[in-house]
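Engineer: Following this message is one structure expressed as structure tokens.
The values are calculated or read from the model by the stated rules, or taken from the named source; none is laboratory data. Remember, it's a predicted structure, so these values are computed and weren't measured experimentally. A quick note on method: Cβ atoms are made from the backbone with ideal geometry, for glycine too, and the neighbour counts reach across all protein chains shown. Surface accessibility is based on the protein's heavy atoms, side chains included, excluding ligands, DNA and RNA. Shrake-Rupley method; radii C 1.70, N 1.55, O 1.52, S 1.80 Å.
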Amino acid sequence: MQTRRIFPTIQLAKYRVSKNMNTSCVFVLVLQIFLVNCGDSYDNVYRDLPPIFHIDDYEDCKAEGNYFCKASVILMPISENCTSHYWKLIERSLDDTRAYNHNELFHAICANKFCQNQFKENSSLQNIVSECYKQKYSNLSLTAEVTDLICSKKDSVYEPGIIDILWLSIMLIYLLFVVFATYWDYGRKRHHDRNVTHQSELGGEYLIAFSVISNWKKFKTVNTNPDFQKLRCMQGIRFYNMLLIIFCHTYSSYIGGYVLNTDYIENIPKNPMKLVLRNLMVFLVQTYFLFSAFLLSYHFFQIMDKTVFSMKIIILTFLNRYLRIIPPVLFMVGTGSTIWLVSFFYGPIKDLYADLELQRCQKNWWTSLLFINNHYNQHDMCFFTTWYLAADTQLYVVSLFLLSLIWLFKKNTKAILASSVLIGILIPIVITYVYDLDIIYRITPENSKNNKFRSFNFNAIYSSSYANMATYMLGLCFGYQYFKHSNTTNFRNLRSQIAWVVLFIGMPVLVIIISSYYYTRFLSAILSGILKPLYATGIAIGILGMSQNIGGFAKKICEWKPALVMGNITYSTYVTHYGIVFYRTATAKHPLYISDSVLVTSFIYDAILSFFCGFLVHILLEMPSSQMQNKFILQVRKQRIQGEKNE
């Protein structure tokens, strides 16, 4: 296959900004300018074809006691030699990588009204509806076949079982305990006569860990640790990266659902800025893989420098990590596996999204807790955004093994790290070539409609641990370099600082531009292995530079105090935002209209609500569990030291 260019001619749009415009309007306008159509005017070459998505009035249909059906319909030519204009358009869409396949329709219909004359209670609903569709599109020289039909007369009713009641009881008891701990902490601060010994006797040091008052103060406090201060830009980047991920999933919530104006999505490749933003989405998570490996490597080399090798340290390191990340995941999986979350979802297509998610969680909840859900039953994983946590945990374990080897054979540190990066690059190259895959997972209409993200392509190119291994191993390398040279200055002169800017900004931009094209099978395989680590390299170079006090305005943005504080809740926000963002997809009562302004407005709403819920989970669950974990491990260490002294 020859290289095919996606970017058409650019036509700049003109905007006038009022001098009196307030800050919020400017923010929204900037986003809209970034998204505005820079290519040809929006044309809908498929406007004459039947709509791909359609939803009848759900409330009226149910009120009249009629059947409400979700139908998957395949359109075909009425004859083999059909020269119909409509079928030619459909054939064009099948060859158009930017377009939906317009021969496949997804309609939610009131069957009794749709088939008024043909409807018979004692006949097969699928046959009746198929016949109705054939008649409906016969004037277009098309015939239709209903391949899947789900019908019901009543809304699904959720009856709580023992597990549902038990989970709700645990959550309520826990919240009451948090209220009690907060009240105790409030009373303690009002009565200063309580001494430390009395607090300890009452278990005060443990109660404080669950106090909202104390946790709020800790949340607002920026870490003054010297290591954190040098790398505090990472915290700000975490926050901004989370905003971009929410935007990505806001966009996915539209493209993955029933869409009214499908031409908006089909015309995105005509707009270079929108195309760049869409391709950026598939690289965003590489930043988190990089940071995770960077910090693991740096802290581990600090330990290696002062301690003799011990398997206890390796096991404790993994245990600490698992106990730190599992509480929010346990909360979300438990909530998603019971009826309490899905009970908030209502609408004509809810069963295609929310109900299906409930079934997945009830079936595969345990894979999420073991962090193997991106490889085991990955097509039915509970909350598909948690694939990142699984991949990160698996790569964390692999990295602990590699770091153990380095600890035992310190002279071969560079060789082991270099080999791990090389292996991380080669595995995706081989898999991409063998299966003839694309260089990235493109968020195209066909890849995404009806939440088709759960696919072999998605797993092989995007969500598997091996697809992200190179970035993680690269993070280990940069963590090692930072450990070795944290007290040196690598960007002393103007030339090196200019090079820093070019690499920091240029490498990610170059990667995104390269990913906007299609390539031959061999070249696609090569690029699939190197693009992600190249993108991460640019970010890593940016981190190293800002840790050495260069970066100017970029450094100030990344180290902005509100961003540093909000960076603390990015993990809880990531875990909890899935249900918030995709709520609109599952509860749509009519096909979703999408435009630049709708997308920006929805993103702002999703970001605010996601971070608010992330904050609640962080302060009510993540912080208390983290503090209890630290206290428990500290007690274990004290007991071990005391035992060694007694011996």
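Engineer: Only one of these is of a type in the set (K, R), open to solvent by less than 60 Å² (accessible area, probe 1.4 Å) and modelled with pLDDT of 90 or more: K555, K589, K631. Name it.
Structural biologist: Testing whether each residue is of a type in the set (K, R), open to solvent by less than 60 Å² (accessible area, probe 1.4 Å) and modelled with pLDDT of 90 or more leaves just K555.
Engineer: Sticking with this structure for a sec: Can you tell me which residues in region 372-391 are within 19 Å of F318 (Cβ to Cβ) and surrounded by fewer than 22 Cβ atoms within 10 Å (Cβ to Cβ)?
Structural biologist: The answer is I372, H375, Y388.
Engineer: Can I ask one more? Got a sec? Which of Y472, Y480, Y466 is open to solvent by less than 70 Å² (accessible area, probe 1.4 Å), touching an Asp or Glu at 6+ places or on another chain (Cβ under 9 Å) and not small (G, A, S)?
Structural biologist: Y472 is the lone residue from the list that is open to solvent by less than 70 Å² (accessible area, probe 1.4 Å), touching an Asp or Glu at 6+ places or on another chain (Cβ under 9 Å) and not small (G, A, S).
Engineer: Testing S253 on (1) under 18 Å from F611 (Cα atoms); (2) surrounded by fewer than 22 Cβ atoms within 10 Å (Cβ to Cβ), one condition comes back false. Which one is that?
Structural biologist: (2)
Engineer: Next question, about the same structure. Looking only at region 60-82, how many residues end up being in a helix (DSSP H, G or I), open to solvent by 20 Å² or more (accessible area, probe 1.4 Å) and touching a residue at least 24 places away in the same chain (Cβ under 8 Å)?
Structural biologist: Number of matching residues: 2.
Conditions tested, residue by residue: (1) small (G, A, S); (2) farther than 21 Å from C132 by Cβ.
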{"residue": "F53", "(1), (2)": "no, no"}
{"residue": "D57", "(1), (2)": "no, no"}
{"residue": "K62", "(1), (2)": "no, no"}
{"residue": "G65", "(1), (2)": "yes, no"}
{"residue": "F68", "(1), (2)": "no, no"}
{"residue": "S72", "(1), (2)": "yes, no"}
{"residue": "S79", "(1), (2)": "yes, no"}
{"residue": "T83", "(1), (2)": "no, yes"}
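Engineer: Additional query: Any idea which residue in region 292-313 is most open to solvent (accessible area, probe 1.4 Å), counting only those that are at pLDDT below 90 and aliphatic (A, V, I, L, M)?
Structural biologist: V308
Engineer: Hey, another quick one. Being open to solvent by 30 Å² or more (accessible area, probe 1.4 Å) and assigned to a loop (DSSP other than H, G, I, E, B) is the filter; apply it to region 83-102 and report the residue that is modelled with the lowest pLDDT.
Structural biologist: T83
Engineer: Follow-up. Within region 550-596, which residues are outside any loop (DSSP other than H, G, I, E, B) and of a type in the set (D, E, K, R)?
Structural biologist: Once the filter is applied, which keeps residues that are outside any loop (DSSP other than H, G, I, E, B) and of a type in the set (D, E, K, R), region 550-596 yields K555, K556, K561, R584, D596.
Engineer: So how many residues does region 345-366 have that are surrounded by fewer than 16 Cβ atoms within 10 Å (Cβ to Cβ) and without any contact (Cβ under 8 Å) to a residue 24 or more places away in the chain?
Structural biologist: The number of residues fulfilling the criteria is 4.
Engineer: So, one more: All but one of (1) touching a residue at least 40 places away in the same chain (Cβ under 8 Å); (2) touching a Leu at 6+ places or on another chain (Cβ under 8 Å); (3) more than 30 Å from L621 (Cβ to Cβ) hold for V575; which doesn't?
Structural biologist: (3)
Engineer: Inside region 269-285, can you point out the residues that are over 26 Å from F611 (Cα atoms) and open to solvent by less than 10 Å² (accessible area, probe 1.4 Å)?
Structural biologist: Selection gives N271, L275.
Engineer: Run down K411, K363 and say which single residue is within 30 Å of T307 (Cα to Cα) and assigned to a helix (DSSP H, G or I).
Structural biologist: Result: K411 is the single residue among K411, K363 that is within 30 Å of T307 (Cα to Cα) and assigned to a helix (DSSP H, G or I).
Engineer: Quick one: C115 ticks every box in (1) surrounded by 21 or more Cβ atoms within 10 Å (Cβ to Cβ); (2) of a type outside the set (K, R); (3) within 30 Å of I443 (Cα to Cα) except a single one, so which number is it?
Structural biologist: (3)
Engineer: If you don't mind, there's one more thing I want to ask. Determine, yes or no, whether K532 is touching a residue at least 40 places away in the same chain (Cβ under 8 Å) and over 24 Å from the mean Cα position of the chain (by Cα).
Structural biologist: no
Engineer: Residue check, L369 against (1) open to solvent by 20 Å² or more (accessible area, probe 1.4 Å); (2) of a type outside the set (F, W, Y); (3) closer than 25 Å to G257 by Cβ, all met but one. Which one?
Structural biologist: Every condition holds for L369 apart from (3).
Engineer: Here's another thing I want to ask about it. Which residues, taken from region 392-414, are without any contact (Cβ under 8 Å) to a residue 12 or more places away in the chain and open to solvent by less than 60 Å² (accessible area, probe 1.4 Å)?
Structural biologist: Of everything in region 392-414, just one residue is without any contact (Cβ under 8 Å) to a residue 12 or more places away in the chain and open to solvent by less than 60 Å² (accessible area, probe 1.4 Å), namely L405.
Engineer: Right, next: Any chance region 218-240 includes a residue that's under 28 Å from the mean Cα position of the chain (by Cα), buried (at least 20 other Cβ atoms within 10 Å of the Cβ) and assigned to a loop (DSSP other than H, G, I, E, B)?
Structural biologist: yes
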